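Structure record follows, encoded as C-alpha cells.
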Amino acid sequence: MAHQLTERKNGFIEMAYVGDTPWHGLGQQVQKGASIESWMVSAGMDWTIGEAPVEFSYTCRVPGSVIANSVMKCRGKVADKKVLYRSDSFAPLGTVGSSFKVVQPHDVLEFFRDLTEGAGFHIETAGTLFGGKRFWALASIGDTCEIVPGDKVGGYLLLVTGADGTLATTGKFTTVRVVCNNTLSMSLGESGKHSVSHKMAFDPVKMKKSLGLVHDEFDVFASNMKRLADKSVSAQRIERLTFDLLKPEGFEKMDSGQKVDAISKVSDSRAFKSILSLFDGGGKGSTIDGVSGTAWGFVNAVTEYTDYHSRAQNVDNRLNSAWLGAGDDLKTKAVELALAF
C-alpha cells in the first residue's frame, strides 16, 4: 500500500479534510465548521480503544498423569502488560505497560470543541495512521500573515497521539505556507509545544494552558520570518548554512582529514544538493521578491525538502517526521541558523 492512512476492509479511509484534497486524493471532504460529531464519523475516529490482558499458551504436562509425554495446552498472563485493540474490528494496536493511560480517538477531536465553538479555530484535517495506532487533528487558529507580498502563512494547532506506546500525546503550534503547503513549527525550543506521557491521564485543560497564548506565538513567528525576508544570503553563505544544517555531530572535534571527508560527503549528499536547488529557483514560491536570495528563502527550501523530497518509506512516514520527528528538528534548526547569522 503506497500510503499508511488507515483503510478499512470496505475501502473507507480514516481521514477527513476541509478544502483541497490532501496527499493521496483520499478521505472524506467535510464542510468548514462541521460539528465534532461529523468529524468523528467522516474521519473514521468513531471507534474506541479497548484493553485486554496479555495471555500466552504453552505446552505442559497433564497434572497427575503417569503416562510419559502426556501433555496439554496451558495458558498464562503477563501481569504488567496489556493489549490495546480497536472496538470495531478487534484489531490489535499495541502492547503497552499496565499503567498506560489511553487517549481515545474522540478525545483528540473533543479537545477542539470549545476552540471551534468560541475561539475562531477551524479543524482542517483529522484521521488515523497505521491501522489506528496514531491519530490526529489539525486546526487553523484563524491567524494569517504575509511575510512578503504574495507569500502568506497561516497558524495551526496540531494534536496527535498514539495507541502503541511509541508517541506521547503532543500538542504543538505549526504554520502552513500557502504557496507550497509547507509546514514549519511556529516556535523554537519547547515553547509552543507540550507533550503528555501516557503514564498520566490526558487533561485537555492543562494542555491548553501549557501551550500558552497561540495568537502571541503567531505574532512572534511572523515577526521572526519577516526578519529573515530582510536578510540577503550570498551563494557562499547559503552553502555554509546548508552545510551547518547537515554536518555530522561532532564535526568540530574531528581532525583535519576527517573534516575533509565529512565536507565532501555532505556536499555530495542528495539533501545538500536538493536544498540548494530548491533555494536557487527550484522550490515553490522561491522566485517571489523577498524569498529569492534571502534567509526566508533558505528556510523554505529546507521545509520543502523535508516535507516533499526527503527520503521516506512513504508519504505518511515523511508527514510524521515533518510534524514530530527528525524532519521537524531539521526545520527548527534551519530557522535557528538563519536567525543567528
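Kindly establish whether VAL176 is under 14 Å from the mean Cα position of the chain (by Cα) and in a strand (DSSP E or B). Even if it seems obvious, please write down each step before you answer.
On the way: under 14 Å from the mean Cα position of the chain (by Cα): yes; in a strand (DSSP E or B): yes.
Yes; evaluated as a whole, the condition is true for this residue.
What is the residue count in region 246-263 for residues that are among the β-branched types (Val, Ile, Thr) and touching a residue at least 12 places away in the same chain (Cβ under 8 Å)?
As a first pass, look at region 246-263 and keep what is among the β-branched types (Val, Ile, Thr): 260, 263.
With touching a residue at least 12 places away in the same chain (Cβ under 8 Å) added as a condition, the list becomes 263.
The qualifying residues number 1.
Considering region 107-119 alone, what residues qualify as being of a type outside the set (Asp, Glu), surrounded by 13 or more Cβ atoms within 10 Å (Cβ to Cβ) and either without any contact (Cβ under 8 Å) to a residue 24 or more places away in the chain or not assigned by TED's automatic domain parsing to the domain that holds ILE36 (or both)? Walk me through it before giving the result.
Restricting attention to region 107-119, the residues satisfying the condition of being of a type outside the set (Asp, Glu) are 108-109, 111-113, 115-116, 118-119.
Cutting the leftovers down to surrounded by 13 or more Cβ atoms within 10 Å (Cβ to Cβ) gives us 108-109, 111-113, 115-116, 119.
Result: ALA119, single match.
Having 1 or more residues that are closer than 16 Å to TRP39 by Cβ and touching a helix residue (DSSP H, G or I) at 6+ places or on another chain (Cβ under 7 Å) is the bar; report the strands (runs of 3 or more DSSP E) wholly within region 83-169 that clear it.
On the way: elements: 92-97, 122-129, 134-148, 151-162.
Those strands (runs of 3 or more DSSP E) span 122-129, 134-148, 151-162.
To keep it simple, each residue is scored yes or no on (1) in contact with a helix residue (DSSP H, G or I) (Cβ under 8 Å, 6 or more places away or on another chain); (2) assigned to a helix (DSSP H, G or I); (3) β-branched (Val, Ile, Thr); (4) not assigned by TED's automatic domain parsing to the domain that holds LEU159.
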residue: HIS215; (1), (2), (3), (4): no, yes, no, no
residue: GLN236; (1), (2), (3), (4): no, yes, no, yes
residue: PHE243; (1), (2), (3), (4): yes, yes, no, yes
residue: PRO248; (1), (2), (3), (4): yes, no, no, yes
residue: GLN258; (1), (2), (3), (4): no, yes, no, yes
residue: ASP261; (1), (2), (3), (4): no, yes, no, yes
residue: LYS265; (1), (2), (3), (4): no, yes, no, yes
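Out of curiosity, is ARG86 crowded, with 18+ Cβ neighbours inside 10 Å, at pLDDT 90 or above, outside the structural domain of LYS208 (by TED's automatic domain parsing) and of a type outside the set (A, V, I, L, M)? Talk me through it step by step, then tell me what you get.
Working: crowded, with 18+ Cβ neighbours inside 10 Å: yes; at pLDDT 90 or above: yes; outside the structural domain of LYS208 (by TED's automatic domain parsing): yes; of a type outside the set (A, V, I, L, M): yes.
Yes; evaluated as a whole, the condition is true for this residue.
Right, LYS226: without any contact (Cβ under 8 Å) to a residue 12 or more places away in the chain and of a type in the set (Lys, Arg) or not? So that I can check it myself, show each step before the final result.
Details: without any contact (Cβ under 8 Å) to a residue 12 or more places away in the chain: no; of a type in the set (Lys, Arg): yes.
No, not satisfied.
List every residue pair whose Cβ atoms sit under 8 Å apart, with the two residues 6 or more apart in sequence or on different chains, where the first one lies in region 269-290 and is touching a residue at least 12 places away in the same chain (Cβ under 8 Å) and in the same structural domain as SER310 (by TED's automatic domain parsing) and the second, anywhere, is assigned to a loop (DSSP other than H, G, I, E, B) and of a type in the set (A, V, I, L, M).
LYS284/VAL179; GLY285/VAL179; GLY285/VAL291; ILE288/VAL179
Of the conditions (1) assigned by TED's automatic domain parsing to the domain that holds VAL176; (2) over 19 Å from PHE112 (Cα atoms); (3) at pLDDT 95 or above, SER38 satisfies every one except a single condition; which number is it?
So SER38 meets the others, but not (2).
Please verify whether region 270-285 includes one or more residues that are polar (S, T, N, Q) and farther than 30 Å from GLY165 by Cα.
Looking for residues that are polar (S, T, N, Q) and farther than 30 Å from GLY165 by Cα, one finds at least one in region 270-285, hence yes.
Filter region 131-143 down to the residues that are at pLDDT below 90 and surrounded by fewer than 21 Cβ atoms within 10 Å (Cβ to Cβ) and list them by number. Spell out the reasoning first.
Kept after step one, since they are at pLDDT below 90, are these residues of region 131-143: 141-143.
Correct list: GLY142, ASP143.
Would you mind stating whether VAL266 is modelled with pLDDT of 90 or more and under 15 Å from ARG177 (Cα atoms)? I'd like the intermediate steps shown before the answer.
On the way: modelled with pLDDT of 90 or more: yes; under 15 Å from ARG177 (Cα atoms): no.
For VAL266, the condition - modelled with pLDDT of 90 or more and under 15 Å from ARG177 (Cα atoms) - is not met.
Step by step: first the residues of region 325-339, then only those that are surrounded by fewer than 22 Cβ atoms within 10 Å (Cβ to Cβ) and more than 12 Å from ASP307 (Cβ to Cβ), then the one that is modelled with the lowest pLDDT. Which residue is that?
Within region 325-339, the match that is modelled with the lowest pLDDT is GLY325.
What are the pairs, 6+ residues apart or on separate chains, where a residue within region 36-51 that is farther than 30 Å from GLY97 by Cα has its Cβ under 6 Å from a residue that is among the charged types (D, E, K, R)?
What qualifies is ILE36/ARG113.
From the list SER286, SER223, SER277, exactly one residue is in a loop (DSSP other than H, G, I, E, B) and under 28 Å from the mean Cα position of the chain (by Cα). Which is it? Don't jump to the end; show me each part of the working.
Values: SER223 fails: in a loop (DSSP other than H, G, I, E, B); SER277 fails: in a loop (DSSP other than H, G, I, E, B).
Going through SER286, SER223, SER277 in turn, the sole match is SER286.
Kindly check whether there is at least one residue in region 42-56 that is of a type in the set (Phe, Trp, Tyr), at pLDDT below 95 and under 19 Å from the mean Cα position of the chain (by Cα). Before you say what the answer is, go through the steps one by one.
Filtering region 42-56 for residues of a type in the set (Phe, Trp, Tyr) gives 47, 56.
Filter once more, keeping what is at pLDDT below 95: 56.
Among the residues that remain, those that are also under 19 Å from the mean Cα position of the chain (by Cα) are: none.
No, region 42-56 contains no residue that is of a type in the set (Phe, Trp, Tyr), at pLDDT below 95 and under 19 Å from the mean Cα position of the chain (by Cα).
Looking at this structure, is SER87 in contact with a Lys or Arg (Cβ under 6 Å, 6 or more places away or on another chain), in contact (Cβ under 8 Å) with a residue 12 or more places away in the chain and among the polar types (S, T, N, Q)?
Working: in contact with a Lys or Arg (Cβ under 6 Å, 6 or more places away or on another chain): no; in contact (Cβ under 8 Å) with a residue 12 or more places away in the chain: yes; among the polar types (S, T, N, Q): yes.
No.
Okay, residues lined up against (1) at pLDDT 95 or above; (2) among the hydrophobic types (A, V, I, L, M, F, W, C); (3) within 30 Å of THR170 (Cα to Cα):
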| position | (1), (2), (3) |
| --- | --- |
| MET207 | no, yes, yes |
| HIS215 | no, no, yes |
| PHE221 | no, yes, yes |
| MET225 | no, yes, yes |
| LYS231 | yes, no, no |
| GLU252 | no, no, no |
| ASN300 | no, no, yes |
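The values are calculated or read from the model by the stated rules, or taken from the named source; none is laboratory data. All values derive from a computational prediction rather than experimental measurement. In this analysis, Cβ positions are derived from the backbone assuming ideal geometry, glycine residues included, and neighbour counts consider all displayed protein chains.
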